[in-house]
(Lines give C-alpha, C1' and ligand atoms only; values in the text may rest on other atoms or scores of the structure.)
Protein backbone atom coordinates (compact mmCIF):
# COMPACT_ATOMS: atom_id res chain seq x y z
CA UNK A 1 0.00 0.00 0.00
CA UNK A 2 1.43 3.36 -1.02
CA UNK A 3 1.92 6.00 1.65
CA UNK A 4 -0.67 8.81 1.53
CA UNK A 5 0.36 11.85 -0.50
CA UNK A 6 1.30 14.74 1.77
CA UNK A 7 -0.78 17.94 1.37
CA UNK A 8 2.04 20.06 -0.09
CA UNK A 9 3.68 17.35 -2.19
CA UNK A 10 4.70 18.90 -5.51
CA UNK A 11 5.27 22.37 -4.00
CA UNK A 12 8.87 23.61 -4.11
CA UNK A 13 10.09 26.28 -1.71
CA UNK A 14 13.45 28.00 -2.14
CA UNK A 15 14.53 29.84 0.97
CA UNK A 16 17.48 32.12 1.66
CA UNK A 17 17.00 31.89 5.39
CA UNK A 18 18.84 32.25 8.63
CA UNK A 19 18.22 32.36 12.38
CA UNK A 20 14.63 31.50 13.45
CA UNK A 21 11.66 33.24 11.78
CA UNK A 22 12.05 32.11 8.15
CA UNK A 23 13.35 28.62 9.01
CA UNK A 24 10.35 28.12 11.32
CA UNK A 25 7.94 29.04 8.51
CA UNK A 26 9.61 26.79 5.95
CA UNK A 27 10.00 23.85 8.32
CA UNK A 28 6.23 23.81 8.73
CA UNK A 29 5.83 23.81 4.96
CA UNK A 30 8.28 20.89 4.84
CA UNK A 31 6.25 19.12 7.54
CA UNK A 32 3.32 19.16 5.11
CA UNK A 33 5.36 17.69 2.29
CA UNK A 34 6.78 20.72 0.47
CA UNK A 35 10.26 20.37 -0.95
CA UNK A 36 12.25 23.04 0.88
CA UNK A 37 15.65 23.93 -0.57
CA UNK A 38 17.58 25.89 2.03
CA UNK A 39 20.22 28.14 0.48
CA UNK A 40 23.20 28.60 2.80
CA UNK A 41 26.57 30.30 2.71
CA UNK A 42 29.42 28.05 1.54
CA UNK A 43 31.41 26.81 4.49
CA UNK A 44 29.58 27.70 7.70
CA UNK A 45 26.03 27.95 6.37
CA UNK A 46 23.17 29.43 8.40
CA UNK A 47 24.70 31.15 11.43
CA UNK A 48 22.06 29.48 13.62
CA UNK A 49 24.09 26.29 13.17
CA UNK A 50 26.60 27.83 15.59
CA UNK A 51 24.29 29.16 18.27
CA UNK A 52 25.26 26.21 20.47
CA UNK A 53 26.56 22.64 20.13
CA UNK A 54 24.37 20.82 22.65
CA UNK A 55 22.58 18.33 20.37
CA UNK A 56 25.24 15.78 19.38
CA UNK A 57 27.44 18.69 18.35
CA UNK A 58 24.61 20.48 16.56
CA UNK A 59 22.76 23.65 17.53
CA UNK A 60 19.50 23.10 19.42
CA UNK A 61 17.94 25.94 17.39
CA UNK A 62 19.04 24.49 14.07
CA UNK A 63 17.87 20.96 14.86
CA UNK A 64 14.46 22.28 15.90
CA UNK A 65 13.97 24.43 12.80
CA UNK A 66 15.45 22.56 9.86
CA UNK A 67 14.35 18.95 9.61
CA UNK A 68 13.05 17.64 6.27
CA UNK A 69 14.95 20.26 4.23
CA UNK A 70 17.65 20.07 1.57
CA UNK A 71 20.77 22.20 2.05
CA UNK A 72 22.37 23.89 -0.95
CA UNK A 73 25.42 26.11 -0.51
CA UNK A 74 25.71 29.11 -2.83
CA UNK A 75 27.71 32.32 -2.87
CA UNK A 76 24.96 34.67 -4.01
CA UNK A 77 27.40 37.53 -4.53
CA UNK A 78 29.01 35.52 -7.32
CA UNK A 79 27.27 35.72 -10.72
CA UNK A 80 27.43 31.93 -11.12
CA UNK A 81 25.82 31.51 -7.71
CA UNK A 82 22.93 33.80 -8.67
CA UNK A 83 22.59 31.95 -11.98
CA UNK A 84 22.10 28.68 -10.10
CA UNK A 85 19.54 30.32 -7.83
CA UNK A 86 17.66 31.61 -10.88
CA UNK A 87 17.58 28.08 -12.24
CA UNK A 88 15.92 26.92 -9.03
CA UNK A 89 13.38 29.76 -9.13
CA UNK A 90 12.38 28.77 -12.67
CA UNK A 91 10.43 25.84 -11.23
CA UNK A 92 9.83 27.01 -7.65
CA UNK A 93 6.43 27.90 -6.19
CA UNK A 94 7.56 29.92 -3.18
CA UNK A 95 10.62 32.03 -2.43
CA UNK A 96 11.29 32.98 1.21
CA UNK A 97 13.99 35.32 2.49
CA UNK A 98 14.82 37.06 5.75
CA UNK A 99 18.02 38.76 4.65
CA UNK A 100 19.26 42.02 6.17
CA UNK A 101 17.41 45.19 5.08
CA UNK A 102 18.06 45.98 1.42
CA UNK A 103 20.08 42.82 0.72
CA UNK A 104 17.44 41.11 -1.43
CA UNK A 105 17.09 44.16 -3.66
CA UNK A 106 20.85 44.40 -4.08
CA UNK A 107 20.87 40.78 -5.24
CA UNK A 108 18.07 41.42 -7.74
CA UNK A 109 15.65 39.45 -5.57
CA UNK A 110 13.23 42.21 -4.61
CA UNK A 111 9.51 41.56 -4.92
CA UNK A 112 9.07 43.59 -8.11
CA UNK A 113 12.03 41.97 -9.87
CA UNK A 114 10.83 38.52 -8.89
CA UNK A 115 7.30 39.23 -10.08
CA UNK A 116 8.50 40.42 -13.48
CA UNK A 117 10.62 37.35 -14.14
CA UNK A 118 8.57 34.68 -12.34
CA UNK A 119 4.92 35.80 -12.23
CA UNK A 120 3.70 32.52 -10.67
CA UNK A 121 6.28 32.63 -7.88
CA UNK A 122 5.05 33.60 -4.42
CA UNK A 123 7.71 35.73 -2.71
CA UNK A 124 7.68 35.94 1.09
CA UNK A 125 9.71 38.63 2.81
CA UNK A 126 10.34 38.49 6.56
CA UNK A 127 11.82 41.65 8.06
CA UNK A 128 12.25 43.33 11.40
CA UNK A 129 10.05 46.40 11.05
CA UNK A 130 8.66 46.14 7.50
CA UNK A 131 10.13 46.99 4.11
CA UNK A 132 8.73 50.54 4.20
CA UNK A 133 8.31 53.14 6.91
CA UNK A 134 10.78 54.93 9.18
CA UNK A 135 12.47 51.78 10.54
CA UNK A 136 12.73 49.78 7.32
CA UNK A 137 16.52 49.90 7.32
CA UNK A 138 16.98 48.82 10.93
CA UNK A 139 18.29 45.40 11.80
CA UNK A 140 16.19 43.59 14.34
CA UNK A 141 16.37 40.56 16.58
CA UNK A 142 13.83 38.84 18.76
CA UNK A 143 14.59 40.54 22.07
CA UNK A 144 14.73 43.97 20.46
CA UNK A 145 11.19 43.42 19.20
CA UNK A 146 10.06 42.13 22.59
CA UNK A 147 11.29 45.45 23.97
CA UNK A 148 9.79 47.63 21.22
CA UNK A 149 6.31 46.10 21.46
CA UNK A 150 6.20 46.55 25.22
CA UNK A 151 6.15 42.81 25.90
CA UNK A 152 9.18 42.99 28.18
CA UNK A 153 7.39 45.64 30.27
CA UNK A 154 4.68 43.06 31.02
CA UNK A 155 6.97 40.13 31.82
CA UNK A 156 8.77 39.61 35.11
CA UNK A 157 8.12 40.80 38.65
CA UNK A 158 7.23 44.22 40.08
CA UNK A 159 10.95 44.73 40.72
CA UNK A 160 12.40 43.60 37.39
CA UNK A 161 11.42 43.08 33.76
CA UNK A 162 12.29 39.85 31.94
CA UNK A 163 12.47 38.57 28.38
CA UNK A 164 10.08 35.84 27.38
CA UNK A 165 12.06 32.61 27.60
CA UNK A 166 11.55 31.59 23.96
CA UNK A 167 12.03 33.49 20.67
CA UNK A 168 8.44 34.66 20.69
CA UNK A 169 8.76 37.45 18.08
CA UNK A 170 10.54 35.12 15.66
CA UNK A 171 7.96 32.40 16.24
CA UNK A 172 5.08 34.83 15.73
CA UNK A 173 6.57 36.06 12.46
CA UNK A 174 7.25 32.50 11.32
CA UNK A 175 3.66 31.50 12.03
CA UNK A 176 2.22 34.42 10.06
CA UNK A 177 4.63 33.78 7.19
CA UNK A 178 3.55 30.13 7.16
CA UNK A 179 -0.17 30.95 7.16
CA UNK A 180 0.36 33.76 4.64
CA UNK A 181 2.16 31.42 2.25
CA UNK A 182 -0.58 28.80 2.57
CA UNK A 183 -3.17 31.49 1.83
CA UNK A 184 -1.18 32.69 -1.19
CA UNK A 185 -0.85 29.14 -2.51
CA UNK A 186 -4.61 28.64 -2.19
CA UNK A 187 -5.31 31.98 -3.89
CA UNK A 188 -2.95 31.15 -6.75
CA UNK A 189 -4.63 27.77 -7.18
CA UNK A 190 -8.12 29.30 -7.31
CA UNK A 191 -7.46 32.58 -9.15
CA UNK A 192 -4.11 32.14 -10.91
CA UNK A 193 -2.68 35.21 -9.18
CA UNK A 194 0.47 34.95 -7.05
CA UNK A 195 0.31 37.45 -4.19
CA UNK A 196 3.57 38.40 -2.44
CA UNK A 197 3.61 37.87 1.33
CA UNK A 198 5.30 40.24 3.76
CA UNK A 199 5.63 39.77 7.52
CA UNK A 200 7.62 41.75 10.06
CA UNK A 201 8.66 40.55 13.48
CA UNK A 202 7.40 43.81 14.98
CA UNK A 203 3.92 43.63 13.45
CA UNK A 204 3.56 39.92 14.20
CA UNK A 205 4.27 40.43 17.88
CA UNK A 206 2.24 43.66 17.90
CA UNK A 207 -0.80 41.54 17.00
CA UNK A 208 -0.13 39.30 19.98
CA UNK A 209 -0.03 42.41 22.19
CA UNK A 210 -3.69 43.15 21.41
CA UNK A 211 -5.21 42.54 24.84
CA UNK A 212 -2.70 44.58 26.90
CA UNK A 213 -2.86 47.30 24.24
CA UNK A 214 -6.64 47.63 24.64
CA UNK A 215 -6.30 47.45 28.41
CA UNK A 216 -3.69 50.23 28.49
CA UNK A 217 -5.42 52.49 25.96
CA UNK A 218 -8.84 52.33 27.58
CA UNK A 219 -7.86 51.76 31.19
CA UNK A 220 -5.21 54.45 31.38
CA UNK A 221 -2.62 52.09 32.89
CA UNK A 222 -0.90 48.99 31.58
CA UNK A 223 -1.31 45.57 33.20
CA UNK A 224 1.18 45.17 36.05
CA UNK A 225 4.10 42.72 36.14
CA UNK A 226 3.11 40.02 38.61
CA UNK A 227 5.30 36.99 37.91
CA UNK A 228 2.98 34.00 37.45
CA UNK A 229 -0.07 35.94 38.67
CA UNK A 230 -2.56 37.02 36.00
CA UNK A 231 -2.88 40.81 35.75
CA UNK A 232 -6.66 40.88 35.13
CA UNK A 233 -7.96 37.68 36.80
CA UNK A 234 -7.70 36.58 40.44
CA UNK A 235 -7.01 34.14 41.86
CA UNK A 236 -4.93 32.98 38.91
CA UNK A 237 -1.30 32.14 39.53
CA UNK A 238 1.18 29.91 41.32
CA UNK A 239 1.11 29.27 45.07
CA UNK A 240 3.68 27.40 47.16
CA UNK A 241 2.61 24.15 48.80
CA UNK A 242 3.89 22.76 52.12
CA UNK A 243 6.51 20.66 50.31
CA UNK A 244 7.94 23.71 48.55
CA UNK A 245 6.50 22.84 45.14
CA UNK A 246 4.38 25.33 43.23
CA UNK A 247 0.80 24.76 42.14
CA UNK A 248 -0.91 27.02 39.64
CA UNK A 249 -4.66 27.29 39.31
CA UNK A 250 -7.20 29.60 37.70
CA UNK A 251 -10.68 30.82 38.63
CA UNK A 252 -12.58 31.76 35.48
CA UNK A 253 -16.12 32.43 36.68
CA UNK A 254 -18.35 32.89 39.74
CA UNK A 255 -19.35 29.23 39.89
CA UNK A 256 -15.70 28.21 40.22
CA UNK A 257 -15.12 30.97 42.78
CA UNK A 258 -17.97 29.69 44.96
CA UNK A 259 -16.67 26.11 44.73
CA UNK A 260 -13.15 27.22 45.66
CA UNK A 261 -14.41 29.14 48.69
CA UNK A 262 -16.66 26.40 50.03
CA UNK A 263 -14.77 23.23 49.12
CA UNK A 264 -11.10 24.18 49.03
CA UNK A 265 -10.58 27.24 51.20
CA UNK A 266 -13.26 26.20 53.70
CA UNK A 267 -14.49 29.80 53.66
CA UNK A 268 -17.95 29.89 52.06
CA UNK A 269 -18.40 33.35 53.60
CA UNK A 270 -15.86 34.79 51.13
CA UNK A 271 -18.30 34.28 48.26
CA UNK A 272 -20.35 37.25 49.46
CA UNK A 273 -17.47 39.33 50.79
CA UNK A 274 -17.72 42.63 48.83
CA UNK A 275 -13.94 42.62 48.37
CA UNK A 276 -14.21 39.38 46.36
CA UNK A 277 -17.77 39.34 45.03
CA UNK A 278 -16.80 40.05 41.40
CA UNK A 279 -13.81 39.40 39.19
CA UNK A 280 -12.83 43.05 39.17
CA UNK A 281 -13.15 43.24 42.96
CA UNK A 282 -10.92 40.22 43.39
CA UNK A 283 -8.25 41.81 41.20
CA UNK A 284 -8.50 45.07 43.16
CA UNK A 285 -8.04 43.18 46.45
CA UNK A 286 -5.55 40.65 45.09
CA UNK A 287 -3.12 40.90 48.03
CA UNK A 288 -5.78 40.08 50.63
CA UNK A 289 -7.16 37.27 48.50
CA UNK A 290 -3.74 35.79 47.79
CA UNK A 291 -2.95 35.78 51.51
CA UNK A 292 -5.98 33.56 52.16
CA UNK A 293 -5.09 31.21 49.31
CA UNK A 294 -1.41 31.07 50.27
CA UNK A 295 -2.26 30.15 53.86
CA UNK A 296 -4.45 27.28 52.68
CA UNK A 297 -1.83 25.98 50.22
CA UNK A 298 0.88 26.08 52.89
CA UNK A 299 -1.04 23.42 54.83
CA UNK A 300 -0.82 20.64 52.21
CA UNK A 301 1.63 19.08 49.76
CA UNK A 302 1.34 19.86 46.07
CA UNK A 303 -0.14 16.50 45.04
CA UNK A 304 -2.87 16.79 47.65
CA UNK A 305 -3.72 20.32 46.55
CA UNK A 306 -3.92 19.24 42.92
CA UNK A 307 -6.24 16.35 43.81
CA UNK A 308 -8.49 18.63 45.84
CA UNK A 309 -8.71 21.26 43.10
CA UNK A 310 -9.36 18.70 40.37
CA UNK A 311 -12.10 17.09 42.43
CA UNK A 312 -14.08 20.35 42.45
CA UNK A 313 -13.48 21.15 38.78
CA UNK A 314 -10.78 23.82 39.10
CA UNK A 315 -8.16 23.91 36.31
CA UNK A 316 -4.75 23.42 37.91
CA UNK A 317 -1.24 22.15 37.28
CA UNK A 318 2.16 21.85 38.82
CA UNK A 319 4.86 24.25 37.61
CA UNK A 320 7.22 22.11 35.54
CA UNK A 321 10.81 22.67 34.58
CA UNK A 322 11.90 21.66 31.07
CA UNK A 323 13.00 18.19 32.19
CA UNK A 324 9.53 17.51 33.59
CA UNK A 325 7.96 18.76 30.36
CA UNK A 326 10.08 16.30 28.36
CA UNK A 327 8.70 13.45 30.47
CA UNK A 328 5.12 14.74 30.36
CA UNK A 329 2.56 11.91 30.42
CA UNK A 330 0.42 13.57 27.75
CA UNK A 331 3.28 13.56 25.24
CA UNK A 332 4.07 9.93 26.03
CA UNK A 333 0.44 8.82 26.22
CA UNK A 334 -0.42 10.42 22.87
CA UNK A 335 2.75 9.11 21.19
CA UNK A 336 3.97 12.59 20.17
CA UNK A 337 7.71 11.85 19.90
CA UNK A 338 9.50 10.67 16.75
CA UNK A 339 13.16 10.00 15.98
CA UNK A 340 14.84 12.45 13.59
CA UNK A 341 18.36 12.02 12.24
CA UNK A 342 20.90 14.83 12.64
CA UNK A 343 24.27 15.33 10.93
CA UNK A 344 26.89 12.89 12.18
CA UNK A 345 24.63 9.86 12.32
CA UNK A 346 22.89 10.45 15.65
CA UNK A 347 19.15 10.73 16.17
CA UNK A 348 17.09 12.99 18.40
CA UNK A 349 13.51 12.90 19.53
CA UNK A 350 11.32 15.58 17.97
CA UNK A 351 7.71 16.44 18.60
CA UNK A 352 5.16 15.81 15.89
CA UNK A 353 3.63 18.95 14.33
CA UNK A 354 0.74 20.05 16.57
CA UNK A 355 -1.91 20.06 13.80
CA UNK A 356 -2.91 16.45 13.12
CA UNK A 357 -4.50 15.77 9.72
CA UNK A 358 -6.50 12.55 9.83
CA UNK A 359 -4.98 9.91 7.58
CA UNK A 360 -1.90 12.02 6.79
CA UNK A 361 1.36 10.83 8.36
CA UNK A 362 3.81 13.36 9.75
CA UNK A 363 6.95 14.00 7.74
CA UNK A 364 9.96 13.81 10.05
CA UNK A 365 12.97 13.61 7.72
CA UNK A 366 16.60 14.32 8.70
CA UNK A 367 18.20 17.65 9.56
CA UNK A 368 20.68 18.39 6.74
CA UNK A 369 24.39 18.99 7.04
CA UNK A 370 25.73 22.16 5.42
CA UNK A 371 25.53 21.72 1.65
CA UNK A 372 24.54 18.08 1.95
CA UNK A 373 22.31 18.22 -1.13
CA UNK A 374 24.34 20.65 -3.23
CA UNK A 375 25.70 18.12 -5.70
CA UNK A 376 22.36 16.34 -6.16
CA UNK A 377 20.50 19.60 -6.75
CA UNK A 378 23.08 20.88 -9.23
CA UNK A 379 22.98 17.56 -11.07
CA UNK A 380 19.21 17.87 -11.22
CA UNK A 381 19.69 21.34 -12.75
CA UNK A 382 21.85 19.78 -15.50
CA UNK A 383 25.32 20.62 -14.18
CA UNK A 384 28.06 18.14 -15.03
CA UNK A 385 30.50 16.68 -12.56
CA UNK A 386 33.26 18.87 -13.95
CA UNK A 387 31.16 21.99 -13.62
CA UNK A 388 30.34 21.12 -10.02
CA UNK A 389 33.99 20.50 -9.28
CA UNK A 390 34.89 23.91 -10.76
CA UNK A 391 32.16 25.67 -8.77
CA UNK A 392 33.48 24.08 -5.58
CA UNK A 393 37.07 25.00 -6.39
CA UNK A 394 36.02 28.63 -6.86
CA UNK A 395 34.00 28.61 -3.58
CA UNK A 396 30.75 29.35 -5.42
CA UNK A 397 29.21 26.35 -3.67
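The values are calculated or read from the model by the stated rules, or taken from the named source; none is laboratory data. Computed from a predicted model, the values in this text were never measured in an experiment. Neighbour counts run over all protein chains shown; Cβ positions are idealised from the backbone, glycine included.
Checking the condition under 28 Å from residue 285 (Cα atoms), surrounded by fewer than 18 Cβ atoms within 10 Å (Cβ to Cβ) and more than 23 Å from the chain's Cα centre (by Cα), which residue from 227, 220 passes?
Going through 227, 220 in turn, just one is under 28 Å from residue 285 (Cα atoms), surrounded by fewer than 18 Cβ atoms within 10 Å (Cβ to Cβ) and more than 23 Å from the chain's Cα centre (by Cα): 220.
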Exception for residue 264 within (1) crowded, with 16+ Cβ neighbours inside 10 Å; (2) under 30 Å from residue 94 (Cβ atoms) falls at (2)
Checked 145, 96, 164 against criteria (in a helix (DSSP H, G or I), surrounded by 15 or more Cβ atoms within 10 Å (Cβ to Cβ) and either outside the structural domain of residue 196 (by TED's automatic domain parsing) or in contact with a helix residue (DSSP H, G or I) (Cβ under 7 Å, 6 or more places away or on another chain) (or both)); the one match is 145
(request) Tell me, yes or no, whether region 213-222 has at least one residue that is in contact with a helix residue (DSSP H, G or I) (Cβ under 9 Å, 6 or more places away or on another chain) and modelled with pLDDT under 95. (result) yes
When region 197-207 is checked residue by residue, the ones that are outside any strand (DSSP E or B) and surrounded by 16 or more Cβ atoms within 10 Å (Cβ to Cβ) are 201, 202, 203, 204, 205, 206
By residue number, the members of region 182-196 that are loosely packed, with under 14 Cβ neighbours inside 10 Å and not in a loop (DSSP other than H, G, I, E, B) are 183, 186, 189, 190, 191
Here, helices (runs of 4 or more DSSP H) confined to region 275-357 with at least 3 residues that are farther than 20 Å from residue 63 by Cα are 279-284, 286-297, 302-311, 329-333
The residue from 360, 367 that alone is touching a helix residue (DSSP H, G or I) at 6+ places or on another chain (Cβ under 7 Å) and either in contact (Cβ under 8 Å) with a residue 40 or more places away in the chain or loosely packed, with under 14 Cβ neighbours inside 10 Å (or both) is 367
Looking at region 79-91, is at least one residue crowded, with 21+ Cβ neighbours inside 10 Å and either assigned to a loop (DSSP other than H, G, I, E, B) or under 26 Å from the mean Cα position of the chain (by Cα) (or both)?
-> no
Could we say that residue 177 is part of a loop (DSSP other than H, G, I, E, B) and in contact with a strand residue (DSSP E or B) (Cβ under 6 Å, 6 or more places away or on another chain) here? no
When every residue in region 384-397 that is surrounded by 18 or more Cβ atoms within 10 Å (Cβ to Cβ) and not in a helix (DSSP H, G or I) is compared, the one farthest from the chain's Cα centre (by Cα) is 396
Scanning region 360-371 residue by residue, those in contact with a strand residue (DSSP E or B) (Cβ under 9 Å, 6 or more places away or on another chain) and more than 16 Å from residue 14 (Cβ to Cβ) turn out to be 362, 364, 365, 366, 367, 369, 370
